[in-house]
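Asker: Structure below; questions to follow.
The values are calculated or read from the model by the stated rules, or taken from the named source; none is laboratory data. All values reported here derive from a predicted model rather than from experimental measurement. When we count neighbours, we look across all protein chains shown, and the Cβ atoms used for this are built from the backbone with ideal geometry, even at glycine.
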């Protein structure tokens, strides 16, 4: 029996793996110590658990345990990395390069730094969502201290050419930071092979708990430092003060270990389901897959169904299926997704998009149900869409003078 | 955001979806909104020329559930009303009936605009002056 509702929003967050929860439980109760308590066994136990988790997390990304700084999540990691580099390397320069499809935690941090004297270049992406390496090369300046480009995009799932990007940064003497939230735990990420200097990621996108993340900070070739953004006890090699979230960190470690051991099998199974879903929905007339299909996360599909509006579309099945739309139809924000617009999609296509994010517990039965529900709703809404009628009659919708609000 | 039962009902069972002959002199058509804003409504009325009564109304809407519900309800209200009565339909009546939250009020405004635009189309076709409505900030 199919259990409803179906969760297909794994880019937003993931359910916790029961194995992770099991690992965490003792650290709430009997092993409750503060990992910074050096004088008794409660503290030692906690510290041991944190050290073990640090190894588990480091191993997932090919790093050394000493290079892992625990944080509260990736937003903190993004802030700490970008602001921390800006402060630490101020004598070297003030120029930062990023791109327009980054997460708000990166974009808004850059905007904040502009007020403090940073110069920021926001690279446009190509229509397939990938950064143009020539444009990046051309944007590099002697004062460039940081290139910050996400590993994989949260809305369309495209995976950036990280190796090439890091090589360009290195050639010009800049550091390379990447927001790895969507990629780490889903696809192989190796900080050495990828040339990453700093990377933020988080537990709750890989079946771990919310409220705990990590910042990878390279220790050699080059040795990277970031200025702490929170003053206090000097935890985490002085880069991030604050009592460690021991149960969260233990869970993060376990989640990272499972992600590493199960990745190949998970990817094979999930990508088959994703392809099944996508191939079925592509059969609908005037539907378009967004983002480069060859460089994409295995569990994500972002599709625009032209002539129907995303929020209206979701209403057709959102009591049964949980997913996200690129459309935001509220008076506060009539703007559709800035990521889809950055790909050069017209507002109509951006308003018509759905993001499907599959996960470890997604079943074929759920995908079959979703294919039917989405197809039925698209067809039903097109029957009541004036734009669809015009399209069918051959009216050029772009030629109409629309009254803008 | 949770939708009210009435919005869900209109969305699931929309009333009067369809198309009237826009070339007919007795039909008024209003097309409002814009694809870029995420909502476009087309509302049509069929008027009995002798009595001035709206005998039929149809809509097609590209938009969210509240936009679909607002236009569906508007067509229900239009049928049987005289053109003069129809002009008086206020967006806040739609808001109240459908229990729209503040962020969705623009959907009802759009429906009111569609009604007025359809009525003006009918008037112009029949040699009457266009009614002038106050500019509204959406």
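Asker: Could you tell me how many of the residues in the stretch A:382-405 are more than 19 Å from residue B:71 (Cα to Cα) and more than 7 Å from every other protein chain (Cβ to nearest Cβ)? Steps first, please.
Answerer: Applying the first criterion (more than 19 Å from residue B:71 (Cα to Cα)) to the stretch A:382-405 yields A:391-401.
Going one step further and asking which of them are more than 7 Å from every other protein chain (Cβ to nearest Cβ), we end up with A:391-396, A:398-401.
Final tally of qualifying residues: 10.
Per-residue answers, yes or no, for (1) crowded, with 18+ Cβ neighbours inside 10 Å; (2) within 13 Å of chain A (Cβ to nearest Cβ); (3) in a helix (DSSP H, G or I):
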position	(1), (2), (3)
B:72	yes, yes, yes
B:77	yes, no, yes
B:96	no, no, yes
B:108	yes, yes, yes
B:121	yes, no, yes
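Asker: Of all residues being farther than 13 Å from residue B:61 by Cβ and part of a strand (DSSP E or B) in the stretch B:1-33, which is nearest to the other protein chains (Cβ to nearest Cβ)? Just the residue, please.
Answerer: B:29
Asker: While we're looking at this one, here's another question. List the residue pairs whose Cβ atoms are under 9 Å apart, where the first residue sits in the stretch A:324-339 and is more than 7 Å from every other protein chain (Cβ to nearest Cβ) and assigned to a helix (DSSP H, G or I), the second is surrounded by 18 or more Cβ atoms within 10 Å (Cβ to Cβ) and at pLDDT below 75, and the two are 6 or more positions apart or on different chains.
Answerer: A:339/A:326
Asker: Within the bounds of the stretch A:188-207, is there any residue that is surrounded by fewer than 24 Cβ atoms within 10 Å (Cβ to Cβ), touching a helix residue (DSSP H, G or I) at 6+ places or on another chain (Cβ under 9 Å) and farther than 30 Å from residue A:300 by Cβ?
Answerer: No, every residue in the stretch A:188-207 fails to be surrounded by fewer than 24 Cβ atoms within 10 Å (Cβ to Cβ), touching a helix residue (DSSP H, G or I) at 6+ places or on another chain (Cβ under 9 Å) and farther than 30 Å from residue A:300 by Cβ.
Asker: Sort out which residues of the stretch A:283-308 are under 21 Å from residue A:346 (Cα atoms), away from chain B (no Cβ under 14 Å) and part of a strand (DSSP E or B), and write them in order of number.
Answerer: A:287, A:288, A:289, A:301, A:302, A:303
Asker: Before we move on, is residue B:69 under 23 Å from residue A:352 (Cα atoms) and in contact with a helix residue (DSSP H, G or I) (Cβ under 7 Å, 6 or more places away or on another chain)?
Answerer: Yes.
Asker: Name the residue that is farthest from the chain's Cα centre (by Cα), counting only residues in the stretch A:98-118 that are crowded, with 22+ Cβ neighbours inside 10 Å and closer than 18 Å to residue A:136 by Cα.
Answerer: The selected residue is A:110.
Okay, residues lined up against (1) under 22 Å from residue A:185 (Cα atoms); (2) buried (at least 20 other Cβ atoms within 10 Å of the Cβ):
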| residue | (1), (2) |
| --- | --- |
| A:214 | yes, yes |
| A:225 | no, no |
| A:254 | yes, yes |
| A:269 | yes, no |
| A:306 | no, yes |
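Asker: I'd like the residue in the stretch B:34-65 that is in a strand (DSSP E or B) and at the interface with another protein chain (Cβ under 7 Å from one of its Cβ atoms) and, out of all such residues, is nearest to the chain's Cα centre (by Cα).
Answerer: B:42
Asker: Please find, within the stretch B:80-94, the residue that is nearest to residue B:65 (Cα to Cα) out of those that are assigned to a helix (DSSP H, G or I) and touching a strand residue (DSSP E or B) at 6+ places or on another chain (Cβ under 8 Å).
Answerer: The extreme case among them is B:86.
Asker: If I go through the stretch A:351-381 residue by residue, how many of them are in contact (Cβ under 8 Å) with a residue 40 or more places away in the chain, more than 9 Å from every other protein chain (Cβ to nearest Cβ) and outside any loop (DSSP other than H, G, I, E, B)?
Answerer: Here the count works out to 20.
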